[in-house]
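Peer 1: Have a look at this one.
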């Protein structure tokens, strides 16, 4: 069984990394957390332990490692609702469903619906990986106002993506 764990990790690496990246926002931190998950997998592989549902198990390991990261970095742990929404997007569907392309298209559509100033905030934080402090300086918004604005924008995007993908049961 042990060789299968590494194969399973490779099979699910894009999904797993995507989940981590969506929660952590910094690609270098996401890389570190993914490596921590890989170390746990290697330890289990050495022990020859059988994992019945690798995907669910590895996602839970990632969730725990992200919480350790948030505590260590003294960052706010995402709300259970946000964590659940992001996790559901990554775990509800199999990789063969072409979900990644659908999700990317839904995000593109929903980003297009945002006001320019909101798109700019998202771009600064998640594409350019700018810190809240740097964005606050550039936009002349307080850190608290910026965090609140980004939280509302993320919630709006999440709702829009759910509608576009038909996850809420209401369709487009």
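Peer 1: Within the range 80-92, is there a residue that is closer than 27 Å to residue 163 by Cα, modelled with pLDDT of 75 or more, assigned to a helix (DSSP H, G or I) and not assigned by TED's automatic domain parsing to the domain that holds residue 161?
Peer 2: No, the range 80-92 has no match at all.
Peer 1: Then there is this: Restricting to the range 120-153, name every residue that is assigned to a loop (DSSP other than H, G, I, E, B) and under 19 Å from the mean Cα position of the chain (by Cα). Don't jump to the end; show me each part of the working.
Peer 2: Residues of the range 120-153 assigned to a loop (DSSP other than H, G, I, E, B): 128-131, 140-142.
The answer is 128, 129, 130, 131.
Peer 1: Sticking with this one: Pick from the range 109-156 the residues that are in contact (Cβ under 8 Å) with a residue 24 or more places away in the chain and closer than 17 Å to residue 24 by Cβ: which of them is surrounded by the most Cβ atoms within 10 Å (Cβ to Cβ)?
Peer 2: 125
Peer 1: On the given criteria, is residue 117 part of a loop (DSSP other than H, G, I, E, B), on the phi < 0 side of the Ramachandran plot and either modelled with pLDDT of 90 or more or in the same structural domain as residue 30 (by TED's automatic domain parsing) (or both)? Write out each step before concluding.
Peer 2: Values: part of a loop (DSSP other than H, G, I, E, B): no; on the phi < 0 side of the Ramachandran plot: yes; either modelled with pLDDT of 90 or more or in the same structural domain as residue 30 (by TED's automatic domain parsing) (or both): yes.
Here the answer is no, as residue 117 does not meet what is asked.
Each row is one residue, and each column tells you yes or no for (1) assigned to a helix (DSSP H, G or I); (2) closer than 19 Å to residue 125 by Cα; (3) not assigned by TED's automatic domain parsing to the domain that holds residue 125.
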{"site": "9", "(1), (2), (3)": "yes, no, yes"}
{"site": "22", "(1), (2), (3)": "yes, yes, yes"}
{"site": "39", "(1), (2), (3)": "yes, no, yes"}
{"site": "46", "(1), (2), (3)": "yes, no, yes"}
{"site": "49", "(1), (2), (3)": "no, no, yes"}
{"site": "60", "(1), (2), (3)": "yes, no, yes"}
{"site": "71", "(1), (2), (3)": "yes, no, yes"}
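The values are calculated or read from the model by the stated rules, or taken from the named source; none is laboratory data. All values reported here derive from a predicted model rather than from experimental measurement. Backbone-built Cβ (ideal geometry, glycine too); neighbour counts: all protein chains shown.
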